[in-house]
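Chemist: Can you keep this structure in mind? I'll have questions shortly.
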Amino acid sequence: MKKPIILTALLYSTALAWEPADAPNRNDQRLVASVIIGEAGGESRQGREAVYEVIWQRVSQAESNYRSVILKGKQFSCLNGVSPNRLILKSIKHQHFREVMRMIKLPPLTVHTVPSGMKQINRNRSDHYFAYKKV
């Protein structure tokens, strides 16, 4: 069953002409984790994973790095009027920060090998999201 899923994901990325991005590098991990906490800190793990997938998808499609995608204007409301360093300092104290830091060590799509015993993060390959509570 894994082979068709991997093949489908590989064909999907090839057809749309983008290469899947790697997980965030060490310098960007705290910023990515802080944005996930800022956007979905009160949500379930599934909600935090979905925000990570949105960030990852945008990085993959833009063939860019995490920092430039996250800091692009008006992309994430948690950065509106807040400096990235201030967001990081605020997020480090959040109860789920360590869990998110562990989560972002791997990219979320199945094209990549996930070590045995670790859950694959594979939702719907979305590049946008919204909060039902605010709509």
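Chemist: Treat each spin label as a single point 7 Å out from the Cα along the C-beta direction, and report the ASN27 to LYS72 distance in nm.
Modeler: It is 2.0 nm.
Chemist: Would you tally the net charge around ASN25, using a Cβ to Cβ cut-off of less than 14 Å, leaving ASN25 out, and scoring K and R as +1, D and E as -1?
Modeler: Numbers: positive: ARG26, ARG30, ARG67, LYS105; negative: ASP22, ASP28.
With Lys, Arg at +1 and Asp, Glu at -1, the net is +2.
Chemist: Considering only protein heavy atoms and a 1.4 Å probe, what is the carbon-and-sulfur percentage of the accessible area of the stretch 41-86? Please list the in-between numbers first.
Modeler: Details: 1060 of 2400 Å².
With neighbouring chains kept in place, the figure for the stretch 41-86 is 44 percent.
Chemist: What is the stretch 30-82 by shape, rounded, prolate or oblate, if you read a ≥ b ≥ c off the alpha carbon gyration tensor as root eigenvalues and call it rounded for a/c under 1.5, prolate for a/b larger than b/c, and oblate otherwise? Please report the intermediate quantities before stating the final value.
Modeler: Numbers: a/c = 2.16, a/b = 1.23, b/c = 1.75.
Oblate, since a/c reaches 1.5 and b/c is not below a/b.
Chemist: Here is a further query. Stretch SER83-GLU43 to full length: gain in nm at 0.36 nm per residue minus the Cα-Cα span?
Modeler: Working: separation 40, 0.36 × 40 = 14.40 nm, distance 2.27 nm.
Taking SER83 through GLU43 to full extension adds about 12.1 nm, to one decimal.
Chemist: Right, here's the next one. How would you order 57-69, 31-43, 92-104 from highest to lowest mean count of nearby Cβ atoms within 10 Å? All intermediate terms of the calculation are to be shown ahead of the outcome.
Modeler: Numbers: 57-69: 17.5, 31-43: 22.8, 92-104: 15.8.
Peptide ranking by packing, descending: 31-43, 57-69, 92-104.
The values are calculated or read from the model by the stated rules, or taken from the named source; none is laboratory data. Just so it is clear, the structure is predicted and the values come from calculations on it, not from any experiment. No Cβ is skipped: glycine too gets one built from the backbone with ideal geometry, and neighbour counts run over all protein chains shown. Side chains included, ligands, DNA and RNA excluded: accessible areas come from the protein's heavy atoms. Shrake-Rupley method; radii C 1.70, N 1.55, O 1.52, S 1.80 Å.
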